[in-house]
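What follows is a set of notes on a single structure, which appears directly below.
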Amino acid sequence: MKKFLDKNFILENKTAEQLYHEYAAKMPIIDYHCHLSPGDIASDRKFENLTKIWLDGDHYKWRAMRTNGVDEKYITGDADDYTRFLKWAETVPYTMRNPLYHWTHMELQRPFGVDKILNADSAREIYDTCTTLLQKDEFRCRGLLNQFKVEVVCTTDDPLDSLEHHKAIKQSGFNVKVLPTFRPDKAMAVEDQKSFNEYVNKLGVLTGTDISDFSRFIDSIRKRHDYFAQNGCKLSDHGLEQIYAEDFYDHEIKAIFTKIRGGKDLDKPEILKFKSAMLIHFGIMDHEKGWTQQFHLGALRNNNSRMVKKLGPDTGYDSIGDFEMARPLSRFLDKLDSENQLAKTILYNLNPRDNYLFGTMIGNFNDGSIPGKINFGTGWWFLDQKEGMEMQINALSNLGLLSRFLGMLTDSRSFLSYPRHDYFRRILCNLLGKDVEKGELPNDIAWLGKMVENISYNNAKEFFKF
């Protein structure tokens, strides 16, 4: 019987162990999509205690605690920090076979060096040990990034963001590149007329433009796109239920914009046409600058209206949706490709039923210009776990080129989430190792090791050219 979380955790045979220890483990990290706070990095925040760095903002843990019968006052409420942590520690034993159980103990091992199992009995000791370490410089935000060998962090930022923190980080000479990502979802959210108009008004003030028509709106968006590029941005990102790809005429979009700026609500066909037009405009801007566009597709958000009204979005009330994917995605990519304006693209699905759909879609638009121009992104959100990552890797292997995969990212708000890269690398090495020992792949460790290094780090470095 193997010991839990030993050095060969997840690795089931000698070939997997060799691939991981000799090739994967040493590679640095390029975190090309996350939700870390650039303000925390700029100030090199020192976290007061383990609760502050581990539980605040982590809706994965919040969902588990709610399911375990923990009252909201201990989750997002006003209970003191240790009591909140204790409620999490009491929940942890009930998370067995949920990825949270693995992540929790991997994050205690690294960076804290804690090998104990977290439960109610060990909570006080673990809390005090980790909280003491968090007061050291190497456990502040920048120290943690260096401990995890992170080279690049791409945060997720609204077009209206000043990027002041990114500028401050660069000026400070910090050795890790912290770059913005252009996330313009609010610039096409016309289903909420009031919020959209408030957003456009702020955009107008920021760009010094009286945004009275659609052309001025696009010009203002482009100014912000240019500003992000000037500050090192290389990627955009969109979090959508599905791709919007309705047919539209330019005069229709101008009329729709005038209508909503006049304070009138749009009907559903108008909303879909406007969103479709905006995605094309964003795609063209990304292509012009050589950026990579990312699409996170398939989340059904804010399901619990009572709790979302109380706590707001991104608090643990989202789930997998079952939206149509293939036809609109094909139409969107084809429209840009047919005009030679299709940027490098990464597609992430949230519904596992779409693994093979996405795996085949990327092959339609890879054009030989660069390796993996259209890439199938790693298992995301609810699929960011062992089975989900194995399914994504297997689908990509069967339908495309796993060797050109861009690998793992954290997609996290926590500075302790980097062991997820280690988790991914172990899963990858284990799959390859099993194939070798079953005779389904040759025992060419040099080539397979290079493949592991590329997926872990080199492919992303070459693809994004940070």
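Conditions: (1) without any contact (Cβ under 8 Å) to a residue 24 or more places away in the chain; (2) surrounded by 19 or more Cβ atoms within 10 Å (Cβ to Cβ); (3) of a type in the set (Val, Ile, Thr). Residue 152 meets all but one. Number of the miss?
Only one criterion in (1) without any contact (Cβ under 8 Å) to a residue 24 or more places away in the chain; (2) surrounded by 19 or more Cβ atoms within 10 Å (Cβ to Cβ); (3) of a type in the set (Val, Ile, Thr) is unmet by residue 152, namely (1).
Give me the pairs: first residue in the stretch 270-282 and more than 11 Å from residue 240 (Cβ to Cβ), second residue open to solvent by less than 20 Å² (accessible area, probe 1.4 Å) and of a type in the set (Ser, Thr, Tyr), beta-carbon distance under 7 Å, and six or more apart or on different chains, which are they?
That search, which allows pairs on different chains as well, returns 282/236.
Among the residues of the stretch 302-324, write down those that are under 30 Å from residue 229 (Cα atoms) and touching a residue at least 60 places away in the same chain (Cβ under 8 Å).
314, the sole residue that qualifies.
Kindly list, by first and then second residue, each pair from a residue in the stretch 351-369 that is within 13 Å of residue 340 (Cα to Cα) to a residue that is in a helix (DSSP H, G or I) and not aromatic (Phe, Trp, Tyr), limited to pairs with Cβ atoms under 6 Å and residues at least 6 apart or on different chains.
Taking only residues 6 or more apart or on different chains, the pairs are 365/333; 365/337.
Can you run down the residue pairs with Cβ atoms below 6 Å, 6 or more apart or on separate chains, where the first is in the stretch 1-23 and farther than 17 Å from residue 108 by Cβ and without any contact (Cβ under 8 Å) to a residue 24 or more places away in the chain and the partner is surrounded by fewer than 17 Cβ atoms within 10 Å (Cβ to Cβ) and of a type outside the set (Ser, Thr, Tyr)?
From the stretch 1-23, no pairs qualify.
Mind listing whichever residues of the stretch 262-279 are farther than 13 Å from residue 187 by Cα and surrounded by 17 or more Cβ atoms within 10 Å (Cβ to Cβ)?
Those that are farther than 13 Å from residue 187 by Cα and surrounded by 17 or more Cβ atoms within 10 Å (Cβ to Cβ): 266, 270, 272, 273.
For the stretch 373-389, does any single residue satisfy the condition of being under 24 Å from residue 33 (Cα atoms), open to solvent by 70 Å² or more (accessible area, probe 1.4 Å) and not in a loop (DSSP other than H, G, I, E, B)?
Checked the stretch 373-389: at least one residue is under 24 Å from residue 33 (Cα atoms), open to solvent by 70 Å² or more (accessible area, probe 1.4 Å) and not in a loop (DSSP other than H, G, I, E, B).
So residue 166 clears everything in (1) buried (at least 20 other Cβ atoms within 10 Å of the Cβ); (2) modelled with pLDDT under 95 except one condition, right? Which one?
Looking at each condition in turn, residue 166 falls short on (2).
Mind telling me which of the residues 354, 286 ends up being in a helix (DSSP H, G or I), closer than 24 Å to residue 214 by Cβ and either at pLDDT below 95 or within 21 Å of the chain's Cα centre (by Cα) (or both)?
286
Taking into account only those residues within the stretch 235-251 that are out of contact with any Phe, Trp or Tyr (no Cβ under 6 Å at 6 or more places or on another chain), farther than 15 Å from residue 218 by Cβ and of a type in the set (D, E, K, R), which is most open to solvent (accessible area, probe 1.4 Å)?
Across the stretch 235-251, the extreme among qualifying residues is 247.
Spot the failing condition for residue 190; the list is (1) open to solvent by 10 Å² or more (accessible area, probe 1.4 Å); (2) in a loop (DSSP other than H, G, I, E, B); (3) more than 24 Å from residue 35 (Cβ to Cβ), and only one is missed.
Condition (1) is where residue 190 drops out.
Is it true that some residue in the stretch 363-374 is touching a Phe, Trp or Tyr at 6+ places or on another chain (Cβ under 7 Å) and either farther than 21 Å from residue 242 by Cα or basic (Lys, Arg) (or both)?
Within the stretch 363-374, the first condition is being touching a Phe, Trp or Tyr at 6+ places or on another chain (Cβ under 7 Å), and the residues that meet it are 372, 374.
Now restrict to residues that are either farther than 21 Å from residue 242 by Cα or basic (Lys, Arg) (or both): 372.
Checked the stretch 363-374: at least one residue is touching a Phe, Trp or Tyr at 6+ places or on another chain (Cβ under 7 Å) and either farther than 21 Å from residue 242 by Cα or basic (Lys, Arg) (or both).
If residue 210 passes every condition in (1) more than 30 Å from residue 464 (Cβ to Cβ); (2) open to solvent by 40 Å² or more (accessible area, probe 1.4 Å); (3) part of a helix (DSSP H, G or I); (4) not basic (Lys, Arg) but one, which one does it miss?
That leaves (3) as the condition not met.
What residue, of 258, 345, 315, is touching a strand residue (DSSP E or B) at 6+ places or on another chain (Cβ under 7 Å) and polar (S, T, N, Q)? Don't jump to the end; show me each part of the working.
Numbers: 258 fails: touching a strand residue (DSSP E or B) at 6+ places or on another chain (Cβ under 7 Å); 315 fails: touching a strand residue (DSSP E or B) at 6+ places or on another chain (Cβ under 7 Å).
After applying the criteria, what remains is 345.
What single numbered condition from (1) open to solvent by 50 Å² or more (accessible area, probe 1.4 Å); (2) assigned to a helix (DSSP H, G or I) fails to hold for residue 69?
(2)
So residue 258 ticks every box in (1) under 27 Å from residue 382 (Cα atoms); (2) surrounded by fewer than 15 Cβ atoms within 10 Å (Cβ to Cβ); (3) of a type in the set (S, T, N, Q) but one. Which box is left unticked?
Answer for residue 258: the failing condition is (1).
Please go through the stretch 419-452 and give me each residue that is in a helix (DSSP H, G or I) and open to solvent by 30 Å² or more (accessible area, probe 1.4 Å), ordered by number.
Passing the criteria: 422, 434, 435, 437, 446, 447, 450.
Going by the structure shown, is residue 335 open to solvent by 10 Å² or more (accessible area, probe 1.4 Å) and under 25 Å from residue 156 (Cα atoms)?
No, not satisfied.
The values are calculated or read from the model by the stated rules, or taken from the named source; none is laboratory data. Note that this is a predicted model, so its numbers are computed, not measured. For neighbour counting, all protein chains shown are included, and Cβ atoms are generated from backbone atoms with ideal geometry for every residue, glycine included. Side chains are part of the model used for accessible areas, which takes the heavy atoms of the whole protein and leaves out ligands, DNA and RNA. Shrake-Rupley method; radii C 1.70, N 1.55, O 1.52, S 1.80 Å.
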